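One structure below.
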Amino acid sequence: MSFEITPAIDIKEGKCVQLVEGRPGTGSEYGDPVEMASEWVERGANRLHIIDLDGAIKGDQSNLNLIKKIINSVDKPIQVGGGIRNPQKVRELGELDVDRLIIGSAAFNNPDFIEEAKKELKETKTSLFICLDSRDNEVMIEGWKESAGVSVTRAVDFFQEKEVDGFLLTDIAKEGKLEGIDIEWIRSVSKKVDKKLIVSGGISSLSDLISLRDAGIEEVVVGTALYEGKINLKEAKNALGD
């Protein structure tokens, strides 16, 4: 089984950042997102994970051109999330040959949005993933500020029936803290998922990565631990056979 480690490029106000629990004003800045994208590819990334934090928090579309620059600057699959709340943005990103779109709030606020998104992506190769941003096993939306009123497991059941392509599971309480992962919770969610499951939030060491691989997880998104040097991408890929 291959194991994929995907660097996170979170964009806020045109800069690459990593926030703590997604809260504005926390965390650190790491420079230009386009330069960081190229750097992660040079270090061995096979895929990039781009989140538009302004889009997620405020519904702002100001980072779209920057995301386009990243897509055009690297020859690797890219997955994009954050603020994808209308069919037009789905269509725009699909036309850019984004490999995966990760949708959160819109899918929980409007049960018909998934079908609308599928129609927009019908002529593309873009896959559709659901973002399961969780606090205490409850899905959070609107930039992690509001509860969707549904548990992670119920959300999995609902969206698997909608035939989405996969899920991104994020433990908000662990995000950006370098405190490690709740492997038992991740295992419990994984057992419910029949689609592809990507895990993020709190991954802070090679030991965490090994635990996830041994739990049957095939892909993770890592942010702060890579930027702060807690995990070396090339060394981790070699150790885990990515």
- Rounded to the nearest 5, what % of the DSSP beta bridges within the chain are antiparallel ones? 25 percent
- Message: Could you compute how fast the range 4-240 diffuses translationally, taking Rh as the Kirkwood radius over C-alpha pairs and applying Stokes-Einstein at 37 °C with viscosity 0.692 mPa s? Give it in µm² per second.
- Response: 187 µm²/s
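If the only charges are +1 at each Lys and Arg Cβ and -1 at each Asp and Glu Cβ, what is the size of the charge dipole of the chain around the Cα centre, to the nearest 20 debye?
Working: 32 positive and 44 negative charges, 33 e Å.
For the chain, the charge dipole is close to 160 debye.
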- Would you mind pulling out the separation of the Cα centroids of the range 130-176 and the range 78-108, in Å? 16 Å
- Message: 7 Å from Cα along Cα→Cβ at both residue 28 and residue 165: what's the point-to-point distance in nm?
- Response: 3.3 nm
- Query: Taking a spot 7 Å from the Cα of residue 42 along the direction of its beta carbon, which residues of the range 203-242 have an amide N less than 16 Å from it?
  - Reply: 227, 233-234
- Item | Extended-chain gain in nm, criterion 0.36 nm per residue less alpha-carbon gap, residue 154 and residue 116 | 11.5 nm
- Looking only at 201, 104, 180, which one moves most when the chain is put into a Gaussian network model with springs between Cα atoms under 10 Å? 180
- HN-Hα couplings for the range 144-150 via Karplus (6.51, -1.76, 1.60; θ = phi - 60°), in whole Hz with x for Gly/Pro, come out as 6, 8, 10, 7, 7, x, 8
- To the nearest 0.05, what FRET efficiency results for residue 68 and residue 207 with a Förster distance of 30 Å applied to their C-beta separation? 0.20
- Query: Which value in nm describes the separation of the simple spin-label points at residue 2 and residue 138, placed 7 Å from the Cα toward the beta carbon?
  - Reply: 3.9 nm
- Task: Specify the residue with the greatest mean-square fluctuation among 137, 65, 46, computed from a Gaussian network of the chain linking alpha-carbon atoms under 10 Å apart.
- Result: 65
- Search the structure for amide H atoms under 5 Å from the amide H of residue 140, placed 1.01 Å from N in the peptide plane, and list their residues when 5 or more places away or on another chain. 133, 134, 135, 148
- Along Cα→Cβ, 7 Å out, is where each label goes; now give me the distance between the ones at residue 58 and residue 214 in nm to one decimal. 4.5 nm
- Message: Checking the table 118/174; 58/174; 58/118; 174/237; 69/162 against a 29 Å threshold on Cα-Cα, which pairs fail?
- Response: 118/174; 69/162
- Query: Between residue 238 and residue 196, 0.36 nm times their residue separation minus their Cα-Cα distance comes to what?
  - Reply: 12.9 nm
- Query: Hey, got the Cα dimensions of the range 4-113 along the principal axes, in Å, largest first?
  - Reply: 40, 32, 26
- Tell me which residues come under 5 Å, amide H to amide H, from residue 130 once H is placed; ignore anything under 5 positions away on its chain. 103, 166, 167, 168
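Rule-based calculations on the coordinates, nothing more; no lab input. Because the structure is predicted, anything quoted here is derived from the model rather than measured. Because the Cβ atoms are built from the backbone with ideal geometry, glycine has one as well, and the counts that use them run over all protein chains shown.
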